[in-house]
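Input: a single structure, listed below in structure tokens.
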Amino acid sequence: MSLETLITENPQIEDLINQQPTFWRNPDYAQKATLPFSKTDIFDAVARLDRFAPYLATVFPETAATNGIIESPLISLNHMQKIWNQPAHELAGHLYLKADNALPISGSIKSRGGIYEVLKFAEEIAIAHGSLAYMYDYSILASTKFRKLFADYSVIVASTGNLALSVGIVATTFGFKTTVYMSHDARQWKKDKLRANNVTVKEFNTNFSAVMPKARAAAASDPNCHFVDDEGSNDLFLGYAVAAVRLQKQLKAQQIKVDQEHPIIVYLPAGVGGSPSGVTFGLKTILGPHVHAIFCEPTHVPSVTLGMMTQLNNRISVYDIGLDGLTAADGLAVGRPSRLAGKVMRTLLFGSVTFPDNDIYRYVAQLQDMQHITVEPSAAAGFTGITPTIKNMPAFNTPNATHIVWATGGSMMPKSERNTNYAKGKALLTDTLAHV
Ligand SMILES: *Cc1c(COP(=O)(O)O)cnc(C)c1O
């Protein structure tokens with residue numbers, strides 16, 4: 001299909017091409033659909049994570065306090081909410097942060113999907129070729145005997161940074177030979193940290209979508225190698241979906257309702273679209289029809305929005321419409337969406353927004369100043385969804401609504417990196433004020 005035809009059918013593509021911040025409402029939202037996953041798949045993942053909890057508590061002492069369960073808090077943003085205390089677009093409901101920036105092991109949402117996929121691979125090997133039984137205490141997997149078994153296998157992943165951190169750290173901990181393929185956006189500190197953890201880091205001067213085939217081919221040449229496929233892995237997807245089961249408990253504990261009169265709107269940064277789609281599938285399955293997801297993407301990399309708008313999904317990339325795919329949000333620097341995101345989200349995603357990079361730096365600084373919470377630039381993307389959403393959807397801007405910004409990463413950032421990001425945000429805020 002030619003670009004002209006696509007634009008005729010979807011005039012909003014013009015805004016994407018012109019890098020205009022957009023609000024896209026999904027016309028297929030809430031229609032009937034057959035989904036490739038079910039509630040049973042989510043609970044299978046929950047059970048597997050429970051089986052591995054004693055192992056995780058043993059090898060990652062930072063998870064001992066939660067008995068090996070990797071989870072993040074749901075935090076009320078009473079102070080940050082004041083940003084939306086404005087006549088033009090006052091936020092009537094309550095604002096919360098799902099603080100995946102604080103998740104143990106990788107300090108990002110990738111601690112959900114990435115770790116889950118490696119655990120599943122390890123379990124398969126330990127059951128088939130080792131002495132593990134499902135009913136055993138899995139902390140035995142930390143023994144020399146099992147580490148020797150795992151050393152015969154390898155794990156490969158391609159990443160812009162955080163997926164490599166989560167998969168890399170867990171895979172080497174089991175004893176797998178681990179190689180990560182890093183795209184040009186990957187931050188130096190993430191590569192350094194991986195090398196310090198005995199992970200082989202291969203660096204590439206190209207974007208993520210170009211690195212993927214290289215990693216995939218290397219994995220395919222080795223029968224004992226497991227490839228963590230960020231462009232379409234079911235295991236990654238279901239690992240992310242588990243978040244919903246945990247969030248349900250946090251919502252009940254904080255007496256936050258979800259029903260017709262009490263909608264919950266969740267704002268999720270999207271890169272390849274895997275993590276926000278997995279989380280959204282989980283939320284719709286566990287919490288029902290009154291939780292609504294908004295994906296947030298950089299104006300230079302609206303990959304999931306473009307794929308869903310055109311229904312071409314992973315068959316179109318942002319490069320096809322002339323965008324450069326460059327953003328300071330390294331976690332979102334993926335030009336082609338995953339094979340799963342558009343397909344599964346077709347009826348589950350409410351809509352999406354795009355934002356200029358400067359917006360996320362401002363939110364990084366404001367979150368630091370007003371709530372003393374540190375996130376990386378990608379992880380502040382959810383905040384960019386609030387204003388366009390309440391402007392376009394007055395029904396969501398009621399006092400009974402709950403708005404949850406999903407903060408997707410940041411607690412492992414070195415101090416210098418935090419300071420640079422913060423300073424950049426502060427400078428932009430001062431600039432903005434000077435122009436008022
Ligand atoms: C990976 C990542 C995302 C987006 O997840 P995708 O699965 O690529 O859509 C968002 N924020 C951060 C910090 C990430 O690392």
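For the range 377-393, the criterion of being closer than 25 Å to ALA92 by Cβ, touching a Leu at 6+ places or on another chain (Cβ under 7 Å) and not in a helix (DSSP H, G or I) is met by none of the residues.
Residues are listed down the side, and each one gets a yes or a no for (1) touching a residue at least 24 places away in the same chain (Cβ under 8 Å); (2) closer than 22 Å to ARG195 by Cα:
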site	(1), (2)
GLN86	no, no
ALA92	yes, no
ARG147	yes, yes
THR172	yes, yes
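The residues of the range 394-416 that are outside any strand (DSSP E or B), within 13 Å of the ligand (Cβ to nearest atom) and of a type outside the set (A, V, I, L, M, F, W, C), listed by number, are THR408, GLY410, SER411. Assessment of the range 109-122 against the conditions (at pLDDT 95 or above, within 21 Å of SER233 (Cα to Cα), polar (S, T, N, Q) and within 16 Å of the ligand (Cβ to nearest atom)) yields at least one matching residue. For the range 319-334, filtering for residues that are farther than 16 Å from LEU163 by Cβ and either within 14 Å of the ligand (Cβ to nearest atom) or charged (D, E, K, R) (or both) leaves 5. Can you pull out every residue in the range 132-157 that is closer than 24 Å to SER221 by Cβ and assigned to a helix (DSSP H, G or I)? Within the range 132-157, LYS148, LEU149, PHE150 qualify.
One residue alone among ILE140, ILE169 is β-branched (Val, Ile, Thr), within 24 Å of ALA57 (Cα to Cα) and surrounded by fewer than 20 Cβ atoms within 10 Å (Cβ to Cβ), and that residue is ILE140. The sole residue among MET370, MET412 that is in contact (Cβ under 8 Å) with a residue 60 or more places away in the chain and touching a strand residue (DSSP E or B) at 6+ places or on another chain (Cβ under 9 Å) is MET412. Residues of the range 387-409 that are in contact with a strand residue (DSSP E or B) (Cβ under 6 Å, 6 or more places away or on another chain) and β-branched (Val, Ile, Thr): THR389, THR402, ILE404, VAL405, THR408.
What's the number of the only condition in (1) closer than 26 Å to LEU3 by Cα; (2) within 14 Å of the chain's Cα centre (by Cα); (3) not small (Gly, Ala, Ser) that VAL266 fails to meet? The one condition VAL266 does not meet is (1).
Could you check the range 1-36 and list, in sequence order, the residues that are of a type outside the set (S, T, N, Q), in a loop (DSSP other than H, G, I, E, B) and closer than 20 Å to THR389 by Cα? Write out each step before concluding.
So the first thing to find is which residues in the range 1-36 are of a type outside the set (S, T, N, Q), and the list is 1, 3-4, 6-7, 9, 11, 13-17, 21, 23-25, 27-30, 32-33, 35-36.
When the remaining residues are screened for being in a loop (DSSP other than H, G, I, E, B), the result is 1, 11, 21, 27-30, 32-33, 35-36.
Result: PRO11, PRO21, PRO27, ASP28, TYR29, ALA30.
All of ARG339, ARG346, ARG362 fail the test of being more than 12 Å from the ligand (Cβ to nearest atom), among the basic types (Lys, Arg), in contact (Cβ under 8 Å) with a residue 12 or more places away in the chain and more than 23 Å from LYS284 (Cβ to Cβ), apart from ARG362.
Filtered by the rule that a residue be of a type in the set (D, E, K, R) and under 20 Å from the mean Cα position of the chain (by Cα), the range 161-192 gives ASP185, ARG187, LYS190, LYS191. Tell me, which residue of the range 158-169 that is among the hydrophobic types (A, V, I, L, M, F, W, C) and within 12 Å of the ligand (Cβ to nearest atom) is farthest from SER108 (Cα to Cα)? So, considering only residues that are among the hydrophobic types (A, V, I, L, M, F, W, C) and within 12 Å of the ligand (Cβ to nearest atom), the one farthest from SER108 (Cα to Cα) is ALA158.
When the residues of the range 37-93 are filtered to those that are in a helix (DSSP H, G or I) and of a type in the set (D, E, K, R), which remaining residue is nearest to LEU119 (Cα to Cα)? If you could, list the steps in order and put the result at the bottom.
Let us first name the residues in the range 37-93 that are in a helix (DSSP H, G or I), namely 39-59, 61-66, 80-84.
With of a type in the set (D, E, K, R) added as a condition, the list becomes 39, 41, 44, 48, 50-51, 62, 82.
Numbers: LYS39: 20, ASP41: 16, ASP44: 13, ARG48: 8, ASP50: 11, ARG51: 10, GLU62: 18, LYS82: 42 Å.
Looking at the filtered set, the residue picked out is ARG48.
Just checking, does the range 72-85 include any residue being within 16 Å of the ligand (Cβ to nearest atom), touching an Asp or Glu at 6+ places or on another chain (Cβ under 8 Å) and farther than 27 Å from ALA215 by Cα? Taking every residue of the range 72-85 in turn, at least one turns out to be within 16 Å of the ligand (Cβ to nearest atom), touching an Asp or Glu at 6+ places or on another chain (Cβ under 8 Å) and farther than 27 Å from ALA215 by Cα.
The values are calculated or read from the model by the stated rules, or taken from the named source; none is laboratory data. This one's a predicted model, so the numbers in the text were calculated from it and none came from an experiment. Here the Cβ is made from the backbone with ideal geometry for all residues, glycine too, and neighbour counts use every protein chain on show.
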